[in-house]
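The values are calculated or read from the model by the stated rules, or taken from the named source; none is laboratory data. Here the structure is a predicted model, which means the values were calculated and not measured. Every residue, glycine as well, gets a Cβ built from its backbone with ideal geometry; the counts of neighbours run over all protein chains shown. Side chains included, ligands, DNA and RNA excluded: accessible areas come from the protein's heavy atoms. Shrake-Rupley method; radii C 1.70, N 1.55, O 1.52, S 1.80 Å.
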Amino acid sequence: MATDDYLADPEELAILTGKPATDPRLLQHLKNATRRFRGAVGHKVNLVENDEVVLDGLSRASVLLPVWPTTAVHSVRLDGVLLAEGVGYQWSDSGVLRRLGCDRWPDRLRCLRVIYSHGWATVPEDIAEAVLDKAATMAAVPHGVASKAVGGQSVTYGTQAAVGVTDQWQKCVDRYRIRTAGDA
């Protein structure tokens, strides 16, 4: 089962690699793959409670909270003034924060301070699969080796194994990356 330390189940990685799930090197590869994914998307992925963000208004009716899914919006302050949910704003689990009572948020930078909860209590399967694939590749490719030959046989390890960018990985990163004002 995935935990806060890992975005995939060590038992599943053990099945893929044929190594014990308690193997320290295997667990380090899983931790490294988890770190790479979190670094690429710019957030923890797991459920985060009471996270605080400061956002720009940008004269829009709606702004995007950077990480979705949004599980709760605890408070929204506009220029320091607490707004009431359902009167001053409304929100969706996709992370849309909409201004009510007027058409737009003000065209000011850093005017919104939001405390919200976001992320997944259970890691999405496509994230777990991408992390497992990366960890298994890391476990299979000898560190620092591009190719090796023994007797009459040679093996060349692909560039994707070295840099960690497969199509599956990139699509998953693109789907779950932190969102910016330009994504609205």
Condition check for L65: touching a residue at least 24 places away in the same chain (Cβ under 8 Å), in contact with a Gly (Cβ under 7 Å, 6 or more places away or on another chain) and open to solvent by less than 50 Å² (accessible area, probe 1.4 Å): yes
1 or more residues within 25 Å of R177 (Cβ to Cβ) and in contact with an Asp or Glu (Cβ under 7 Å, 6 or more places away or on another chain): qualifying strands (runs of 3 or more DSSP E) within the stretch 53-101: 62-64, 70-78
Hits in the stretch 78-135 (condition: open to solvent by 40 Å² or more (accessible area, probe 1.4 Å) and among the basic types (K, R)): R98, R99, R104, R108, R110, R113
Candidate set: the stretch 97-120, residues that are among the small types (G, A, S) and modelled with pLDDT of 95 or more; chosen: the one nearest to R36 (Cα to Cα): G119
Set V45, V53: member being crowded, with 18+ Cβ neighbours inside 10 Å, hydrophobic (A, V, I, L, M, F, W, C), touching a residue at least 24 places away in the same chain (Cβ under 8 Å) and closer than 18 Å to Y116 by Cβ: V45
R110 vs. criteria farther than 30 Å from L132 by Cα, among the basic types (K, R), touching a strand residue (DSSP E or B) at 6+ places or on another chain (Cβ under 6 Å) and in a strand (DSSP E or B): no
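Here is a yes/no grid of residues against (1) part of a helix (DSSP H, G or I); (2) touching a helix residue (DSSP H, G or I) at 6+ places or on another chain (Cβ under 6 Å); (3) buried (at least 22 other Cβ atoms within 10 Å of the Cβ); (4) modelled with pLDDT under 95:
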| residue | (1), (2), (3), (4) |
| --- | --- |
| T3 | no, no, no, yes |
| I15 | yes, no, no, no |
| T22 | no, no, no, no |
| L30 | yes, yes, yes, no |
| A33 | yes, yes, yes, no |
| R38 | yes, no, no, no |
| E49 | no, no, no, no |
